[in-house]
1. What whole-number value in Å² describes the accessible area per residue of region B:39-101 for a 1.4 Å probe?
2. Report the Cα centroid-to-centroid distance between region A:84-162 and region A:255-280 in angstrom, as an integer.
3. Over all distinct Cα pairs, what is the inverse of the mean 1/r for region A:131-206, reported as the Kirkwood hydrodynamic radius in Å?
4. Residue by residue through region B:144-149, what is 3J(HN,Hα) from phi via Karplus (6.51 cos²θ - 1.76 cosθ + 1.60, θ = phi - 60°)? Round to whole Hz and write x for glycine and proline.
5. Would you mind working out the magnitude of the charge dipole of region B:1-88 relative to its Cα centre, with +1 at each Lys and Arg C-beta and -1 at each Asp and Glu C-beta, to the nearest 20 Debye?
6. Between A:C240 and residues 5 or more places away or on another chain, which pairs have amide H atoms under 5 Å apart, with H built 1.01 Å from N, and which residues are they?
7. Evaluate the Kirkwood expression for the hydrodynamic radius of region A:91-175, namely the inverse of the mean inverse distance over all pairs of different C-alpha atoms, and round to one decimal in Å.
8. On average, how many beta carbons from a partner chain sit within 10 Å of the beta carbon of a residue in A:86-97?
Amino acid sequence: METRLANSFRLTVNEKKFIETALQSDLRIDGRRPFDFRNISIKFSREEGSAEVQLGQTHVMAFVTAQLTQPYKDRPNEGTLSMFTEFSPMADPSFEPGRPSEAAVELGRVIDRGLRESRAVDTESLCVLSGKSVWAVRVDLHILDNGGNLVDAANIAALAALLTFRRPECSLGGEDGQQVIVHPPEVREPLPLIIHHLPIAVTFAFFSNESTVVVDPTHYEEAVMGGRMTATLNANNDICAIQKAGGEGVLQSVIMQCLRIAGQKAYDITTKIKNAVESYNTERALRKIKRHPSAVALDISGAGVNIGKNQNKPLKGDSERSNLTSEKSVTDQSMDIEGEAKSSEQQQTNKIDGDAKNFIGGPSSWDPYSAGVNSDFLKASLASRGMTMPSRKEQGSRGENMSGEAKPVDPPEDINVSSSNIEAAETVLRTNGERTLQDAEYLRLAYTGLAYFSLELTEVKCKVFRL
Amino acid sequence: MEIDRLDGRKANQLRPLACSRNILNRAHGSASWTQGDTKVLVAVYGPKAGTKKNENPEKACIEVIWKPKSGQIGKSEREYEMIVKRTLQSICILNINPNTTTSVIVQVINDDGALLPCAINAACAALVDAGIPLKHLAVAICCCLADSGYIILDPTKLEEQSMKAYAYLVFPNSILSVRPEGSLKVQGEPMEHGVITSGTQGAMSVDDYLNCLERGRAATAKMSTVLRRNLQPQIASDLSFGDAISRRDLSGMISQREFYGVILRLDLASASSTA
């Protein structure tokens, strides 16, 4: 449409000349050096599998979803990974809605090749029932703002989203063991995808004057450049994919130099992604206690609720919205019931019987987060933040406290102390006939807490992070 | 009879609102509106030359593109586009720039109930950010009807699915004007009692619907203060043209659009300061 053409981005001759001349003296218009990347910021939203990446002015969002489908006939044991790229018209006035343009298709293919051919995402672990039922993982990439270098930004977004995505656990059941049962997240903890390495795409732009090369071009530089190359490498300096489709011819030595630079950039970006995902995972684990009631709020009102002192407060389902202070006071309890997220400022505990949600995964999974929230671990992190909670310190008084009030457990600083906690817990168990389920759970958590307590905080995080 | 909502809100209580403008760099205007967990991002490009084939070339045309979070684009997306387009057409001054198209692109970031009202609010803020001439602002709200006849505002997705019926309503934002009081009334009623858009899902009686209207209008008063307050603080930075120029990397000229945007926001500031 002619009206559309009127809106496409056109640089004047003066602007083009300016960019090229500046590049000859190694100056870029935004002040970077030729081999500098722009600032990368990775943000996650509350739900799993969604990431928002900002690379300078480029803004990309990725969403990951998974569904059970039939596998391909020639690969009955593997799940599938598919990418859908949306060049939204909000990113650039020249992007049109409807059929994806060439650039959109190319971007999708480059990122897909980097992940699939290099076997970064383990598709065999996505198989549930060979030949019948596998997980199909779908990555939706939305380009929100085109500030140049969409491939790199979209690649980072896709990786970040895949790393934080959790798929529901499923098992085989039914009479013949052929029926697939998908467990909802409240019953069994969802599992992360197995990702072996992170292929990072690094894009170079070539200009016609004297083999000038720059990394991470902005959209002004893209309008002026003569050719581009995208190299996808991982942190081990393995080349996963190279894409140079047409454009200027370039000397071999320049290509080799670019690949060396790409290796360094890939390593930097990999560390940034890992740090961002790690901090998201710890934050998510701290919030996990409250994740359950938002989903089971509908059941709680029906089931037998053993509410301590506040009978009239309606159960607050989505307590993820509660602010940090109420979060801290909630984690007093080894249980996941949060309804009193708001009311626990008064140090009340609501105990709900028959709550098997914390018994997730077996002892075989050493993921401390999937074993339910480690109350001691949380309290340690809380204590380190300096939150003052009344009657937190006495361990001896734990006996009485277990029966009714908030449970003040002093986070044991070393194993000796924690073993005395367990003894105290055991004595409580023997003396207090009722509330045995809750005590048993507390004991279990205390035992797992023992194992983890001797580790450093960072080591625990490394265990969770499967890279 | 008190209704216990899942997240503990009262029947008349809205979720926390958040609005931010000028988020995207390439778009002429952009805004994101968050109501609780529902978040929508809207970008506006325009006015661009030319109108589409079936549109009236003597007026400006508004084109809406709705992008869902994931999945194929289907009939429901087309319906949303049509509703947002008609709503925005009634608040824009269409005779100022004839034979032009303004594109409004809506991207759903998260859907947790009251999606369409959230999108309309965001679109209104984005239009202001882009400097498109508007008659007045619009605020949208969603009201749900429970089985007991009780009306609750701003439902979450779970509530929407379990309720008997719901209605989304768009009201004009009250005008703060230096003109005399009488001129703000349309046929004897104050202007903000009008309804720009109304859509319902499910069956409700006439009385229930009128109740929804009353409740919704009262609640939109709060929303419109949030909207207005959000549009204001940017004025300090908008007043300096130097800032506007520095936002554009190469071209030193400030476009007519940005100029118009500054004037519009000055209007709002002066209007509310006289109130």
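The values are calculated or read from the model by the stated rules, or taken from the named source; none is laboratory data. Quantities reported herein were computed from a predicted structural model and do not represent experimental measurements. Positions of Cβ are generated from backbone atoms using ideal geometry, with glycine treated the same way; all protein chains shown enter the neighbour counts. What goes into the accessible areas is simple: the full protein's heavy atoms, side chains included, and nothing from ligands, DNA or RNA. Shrake-Rupley method; radii C 1.70, N 1.55, O 1.52, S 1.80 Å.
1. Here the per-residue accessible area is 49 Å².
2. Taking the Cα centre of each part, region A:84-162 and region A:255-280 sit 19 Å apart.
3. 15.5 Å
4. 10, 10, 7, 4, 7, x
5. 260 debye
6. It is A:T232, A:L233, A:N234, by chain and number.
7. Taking the inverse mean of 1/r over all distinct Cα pairs, region A:91-175 comes out at 15.3 Å.
8. Averaged over the peptide's residues, the number is 6.
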